[in-house]
């Protein structure tokens with residue numbers, strides 16, 4: 001390598017103090033014996049060539065020095081040379097070192113200088129041969145792989161002309177070719193001299209164990225195996241490793257393996273730096289560049305990051321590939337071992353490291369490296385203000401979020417914020433960072449959300465989505481305060497949407513409490529909403545009050561029909577509209593909107609919102625009677641909520657609904673356990689706590705404890721009323737409290753609650769809610785006129801989803817039609833068949849048990865020609881279709897495919913000789929006596 005700027009680092013690094021001593025005689029015993037025999041027999045034989053090759057540091061130089069020291073001790077002449085990379089291009093470098101002692105002692109040689117002379121073909125060769133014939137001579141050459149071409153040819157000529165001369169040439173070096181042919185092949189190709197070609201392999205296990213035991217004392221197998229793994233049989237590394245370990249005074253046992261590994265990292269780092277500095281300053285620059293981006297770039301490209309203008313790539317690659325701590329990747333690139341990279345880069349100043357990472361990042365980006373690799377380089381570099389850097393960091397952050405690496409995503413987005421120059425994009429980056437922080441550091445996320453809402457000049461869209469994100473993450477108090485202040489300085493559509501989000505945090509305004517005095521005056525939502533977000537929240541407000549069913553449906557549908565464009569939907573308004581639609585029995589519309597919302601969200605927004613979306617979809621499935629689907633949604637929602645920093649607020653909702661699912665599915669033991677599960681104290685302050693109280697009341701009624709049920713249900717009602725949540729469609733706490741009071745012998749209180757529930761339900765007008773209230777009146781009233789009441793309830797529930805309310809009304813309707821005076825047993829039989837169809841998926845459910853009990857008590861049969869020829873499955877499908885259920889609903893209820901429903905109905909039409917679904921509906925009406 002030539003033409004490079006000198007490095008400020010020294011050319012050579014002293015070996016670590018613990019490695020100054022040569023490895024003991026027990027290491028490389030075979031090779032030592034060969035070298036000793038050559039030196040000892042040199043007085044009676046010669047010439048002899050000994051080559052010692054292997055990976056760098058495998059002991060070649062130590063054996064060359066052993067030969068030199070033994071020869072000197074025996075009175076032989078010793079001529080030594082050690083070649084360096086910097087000298088590998090200079091002619092006769094090694095020859096000059098070898099002949100220097102002869103030049104320094106003119107009395108022992110002819111007057112004519114025998115040193116290198118450019119006019120001679122092999123300068124000094126003849127004089128050396130004369131001197132060797134007078135006195136046996138050993139030439140010891142270290143690092144022979146760096147021999148310059150002229151010196152290598154000179155040694156070849158020496159060996160050719162040394163017949164009968166007591167001369168030994170001992171060369172040690174790496175087994176990689178530094179010239180063509182390699183030094184070992186070039187010297188070994190000379191005929192005549194006795195040759196010993198020794199290739200040094202990694203130390204065998206027994207020598208590793210012997211060295212460990214010699215230095216550290218008796219060691220167990222685990223410790224010895226780890227020492228061998230760390231050193232890879234490298235004698236210098238092993239010697240240094242065990243010397244340092246022994247200096248600590250530890251015993252070599254398995255429990256000290258972690259300490260050995262830590263020492264191993266230090267040793268390998270020191271050995272790497274020593275070897276690299278032995279290769280010269282240019283190689284040091286290349287290795288530092290490899291430590292930064294060797295995994296990403298080829299050696300030729302890495303060269304552009306250094307101050308090295310030219311070098312022999314093949315030679316350097318060969319040398320580095322055999323160096324401790326540098327590995328060759330499957331794609332042929334060179335890379336510094338990850339655990340040693342910090343050690344290599346410690347050699348640089350902080351500014352130089354930063355500059356190297358900047359240049360490496362840009363080079364890797366241009367070379368098409370993946371985002372993660374380029375981002376890693378950017379994280380260690382100072383901001384460049386480059387657009388490509390910002391894009392790379394953001395893309396990698398998105399990938400990290402998808403992989404669940406939110407801490408990494410936060411670091412990447414914070415770094416991207418340092419790069420971004422545009423204020424609007426900087427604000428968007430702040431929003432992305434807030435979304436990640438709300439998952440891993442909710443308090444930090446709250447502060448960032450608050451700054452985005454309050455900071456003047458924040459783009460309207462960013463402020464709006466920040467508020468929505470904060471509410472979704474559960475920071476309603478922080479967001480409400482920030483929104484109240486922001487409303488005083490904003491206007492137009494932005495203000496309208498911010499007002500909607502303020503009321504989304506607490507639709508009825510009852511949870512502000514003592515905070516109301518500290519908040520600026522915030523106007524109510526207008527009766528005619530100005531934006532889709534206001535329409536959604538206004539629909540939920542009216543639904544909570546239990547007013548204006550048709551207006552609620554209209555507002556919610558208008559809100560959900562709006563598309564917010566590329567930034568996606570606002571979560572809280574969509575959830576508000578879907579919750580309102582659930583209470584109006586428009587479950588299909590709500591489910592479609594929830595699925596679309598879940599699909600539209602991505603990254604951290606999806607993770608923050610998913611528990612709420614899935615919880616609502618689970619509740620929706622319960623209202624439909626799809627308990628298996630509800631269970632899956634609720635389980636996923638609970639899992640997602642617990643992974644977030646704030647789960648206490650949502651857990652009462654999830655536990656309450658899952659408890660109801662357990663009851664409705666016949667898993668009463670599981671319901672009792674779930675209802676009694678302790679929750680964090682903060683959960684009691686949640687708006688969802690009444691849900692869990694209601695579920696506990698249901699469980700208490702099922703286990704026959706009306707007093708406990710009444711207490712839980714009354715507390716549920718008290719909390720709902722304190723928030724002005726009046727709609728009985730939320731949870732029918734009054735009906736069940738009335739049933740508990742009726743059981744306890746308190747008919748007046750039962751009647752009061754029933755009448756109140758019925759009045760509120762009629763004011764609201766949803767079929768399932770009115771039917772349930774009517775059923776409650778039937779169950780708590782005397783025996784008079786119960787049949788009229790249940791028939792009215794049945795007529796109302798026909799328009800409702802086939803959920804728990806529908807099943808209970810249907811069961812009571814069948815029972816009363818079958819047992820009451822004036823009842824229609826044929827209608828009862830049809831209703832009983834439908835109840836059996838609805839409960840077939842959950843045979844242990846209370847309504848399934850009730851259906852079987854009613855069936856045993858029934859004596860009448862359906863008298864329709866061909867009906868008995870239908871299978872039970874066909875009868876179920878026929879009854880559901882005749883009641884107006886779609887194929888999709890029937891498939892969900894019976895847990896079969898829509899295609900299976902089509903095939904069943906086709907057989908029904910054929911056996912009953914019907915033209916289609918219309919005639920089937922008329923037949924079912926006739927069977928019921930209508």
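General observations
- Residue 323 falls short of the stated requirement of being surrounded by fewer than 17 Cβ atoms within 10 Å (Cβ to Cβ) and either under 26 Å from residue 399 (Cβ atoms) or not assigned by TED's automatic domain parsing to the domain that holds residue 53 (or both).
- If only residues of the range 94-111 that are in contact with a helix residue (DSSP H, G or I) (Cβ under 8 Å, 6 or more places away or on another chain) and at pLDDT below 90 are counted, the one that is farthest from residue 38 (Cα to Cα) is 110.
- Listed here are the helices (runs of 4 or more DSSP H) enclosed by the range 705-797 that have at least 3 residues being touching a helix residue (DSSP H, G or I) at 6+ places or on another chain (Cβ under 7 Å) and over 28 Å from residue 814 (Cβ atoms): 706-722.
- Any hit, the range 306-314, residues being surrounded by 13 or more Cβ atoms within 10 Å (Cβ to Cβ), assigned to a helix (DSSP H, G or I), out of contact with any helix residue (DSSP H, G or I) (no Cβ under 7 Å at 6 or more places or on another chain) and at pLDDT 80 or above: no
- Among residues of the range 184-215 being more than 43 Å from the chain's Cα centre (by Cα) and farther than 21 Å from residue 159 by Cα, the one that is surrounded by the fewest Cβ atoms within 10 Å (Cβ to Cβ) is 206.
- Qualifying residue in the range 811-830 (condition: part of a loop (DSSP other than H, G, I, E, B) and under 52 Å from the mean Cα position of the chain (by Cα)): no
- Residue satisfying all of: in the range 34-64; part of a helix (DSSP H, G or I) and in contact with a strand residue (DSSP E or B) (Cβ under 7 Å, 6 or more places away or on another chain); surrounded by the most Cβ atoms within 10 Å (Cβ to Cβ) among these: 60
- Applying the set (1) modelled with pLDDT of 80 or more; (2) on the phi > 0 side of the Ramachandran plot to residue 843 leaves exactly one unmet item: (2).
- Residue count, the range 516-575 (criterion: in contact (Cβ under 8 Å) with a residue 40 or more places away in the chain, in a loop (DSSP other than H, G, I, E, B) and closer than 28 Å to residue 760 by Cα): 2
- Filter pass, residue 643 being farther than 24 Å from residue 805 by Cβ and modelled with pLDDT of 90 or more: no
The values are calculated or read from the model by the stated rules, or taken from the named source; none is laboratory data. Small disclaimer: the values here were computed from a predicted structure and weren't measured. Reconstructed Cβ throughout: ideal geometry from the backbone, glycine too, with neighbour counts over all protein chains shown.
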